[in-house]
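Some notes on the structure that comes next.
Quick note: the coordinates plus some simple rules give every number you see, no bench work behind them. All values reported here derive from a predicted model rather than from experimental measurement. Cβ coordinates were reconstructed from backbone atoms using ideal geometry, including for glycine residues, and neighbour counts include every protein chain displayed.
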Amino acid sequence: MPSSVRLSAFIREHQEAILQAWEDFARTIEPPALSMDKKALRNHASKMLDAIATDLDTCQSAFEQSEKSKGRGARSEEDTPAETHAVARLLSGYSIEQLVSEYRALRASVLKLWAANSKQGLVTDPDDVTRFNESIDQALAESVQRYAKLVKQAQNLFLAILGHDLRNPLGTTVSGAQLLLIATDIDSKYKSIAQSIFNSGERMSKLVDDLIDYTRGHLGGGLPILAKPSNAAQICKLVISEMKIVHPDRKIEFSETGELDGLWDASRVTQVMSNLVGNAIQYGSATDPVTVSASCDATHLTIQVNNRGPVIPKDMIARIFDPLVRFSEFESVEPKRVTSLGIGLFIAREVAIAHGGAIEATSSSEEGTTFTLRLPRTPAHRV
């Protein structure tokens with residue numbers, strides 16, 4: 001009677017042959033493999049094979065097997081060999097496509113050797129192959145998730161450093177332009193140039209501030225706030241006054257109800273209002289006014305910014321506060337109107353959350369588009 005061999009035992013017994021096949025394939029991945037030694041090329045593969053073999057020996061329910069095939073298998077708090085392997089490959093210069101190709105090669109080498117073993121007359125269990133594929137899928141998912149997470153963190157860190165390092169030269173440019181504007185011995189035509197430099201520098205500074213806030217929110221911890229006694233009406237009027245200077249042809253109406261005093265980070269709330277009103281002007285109807293209303297009850301401040309313009313589709317409303325989301329209709333028809341990084345609403349949401357509040361958007365042909373900011377009069381946490 002033919003003897004029976006489990007795939008887990010086969011993997012342990014033939015691990016050297018499997019690792020050699022892994023190494024041979026890894027050497028074909030250029031350019032990283034050109035500078036990697038034998039140990040580096042086999043890095044973590046042995047531990048992954050041990051983990052897969054152990055997994056094959058573990059009894060699992062149909063649900064557990066299904067979850068594992070989707071990359072949602074049970075795991076401990078420690079990093080898995082697949083996650084550690086992803087870190088090593090990222091640091092070695094592997095792309096995500098090259099990382100995935102290694103798992104294809106690992107799967108193929110094991111199954112090829114296993115098929116050859118079966119042809120020798122040894123009895124095999126078909127369920128082992130299914131379980132093996134589920135284990136490979138789980139390991140692949142863990143590697144890809146860790147790789148993607150590290151890449152995203154690196155990108156955000158780079159953006160944060162870039163934004164921080166741009167502040168000083170921009171500040172120098174704006175300060176220099178200000179000095180030229182107040183000088184009394186400079187021809188008016190040069191002052192006009194200085195004004196343009198100042199305006200451009202101010203816009204760039206706002207973009208840099210948005211970029212820093214965006215990366216700060218993605219690197220963890222949220223936006224810091226310093227809550228002090230503030231008046232929401234004064235904040236709204238200041239923003240509206242600034243917007244009217246930049247957009248003298250647009251009408252902005254403001255109404256207030258009740259006592260609008262509370263504990264807020266005035267600079268952050270001003271940032272939110274600048275984003276919301278600027279957004280309403282940018283995407284709203286050029287002939288209808290932008291309306292801003294502020295009211296307070298015993299516990300919360302509510303500010304609404306409304307504009308009349310194209311209705312925002314429901315699927316867009318659902319993700320409008322996600323970073324880098326814009327109104328695609330305007331991007332295609334009027335690209336010149338897009339003047340920001342597309343992260344203003346994301347920052348507005350982060351500011352609201354930092355205060356313990358919330359922000360939402362609604363849009364209809366009857367009521368127009370309305371953004372509603374709701375903040376507690378006394379934030380639960382002040383930083």
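Using Cβ counts within 10 Å as a stand-in for footprinting exposure, how do C59, C236 rank, fewest first?
In order of increasing Cβ crowding within 10 Å: C59, C236.
What does the C-alpha gyration tensor say about the overall shape of region 228-376? Classify as rounded when a/c is under 1.5, otherwise prolate if a/b is larger than b/c, or oblate.
Prolate is the answer for region 228-376, as a/c is 1.5 or above and a/b outweighs b/c.
Find out how many positive minus negative residues lie around L180, taking Lys and Arg as positive, Asp and Glu as negative, among other residues whose Cβ is under 14 Å from that of L180.
0
Summing +1 for each Lys or Arg and -1 for each Asp or Glu, what net charge is found among the other residues whose Cβ lies under 14 Å from the Cβ of V239?
Result for the neighbourhood of V239: +2.
Can you check what the net charge comes to around E253, using other residues whose Cβ is under 14 Å from the Cβ of E253 (Lys, Arg +1; Asp, Glu -1)?
+3
Using packing as a proxy for protection, rank 261-269, 141-149 so that the peptide with the highest average count of other Cβ atoms within 10 Å comes first.
Answer by packing, highest mean first, reads 261-269, 141-149.
What's the extension gain from D209 to A17 if we count 0.36 nm per residue and subtract their Cα-Cα distance?
63.6 nm
Near K112, which aspartates and glutamates are there with a Cα under 19 Å away, not counting those fewer than 8 places off in the same chain?
The reachable aspartates and glutamates, counting only those whose Cα sits under 19 Å from K112, are E13, E16, E23, D24, D50, E102, D125, D127, D128, E134, D137.
Which of rounded, prolate, oblate describes region 195-288, given a ≥ b ≥ c as roots of the alpha-carbon gyration tensor eigenvalues and a/c under 1.5 marking rounded, otherwise prolate only if a/b is larger than b/c?
Oblate, because a/c is 1.5 or more while a/b does not exceed b/c.
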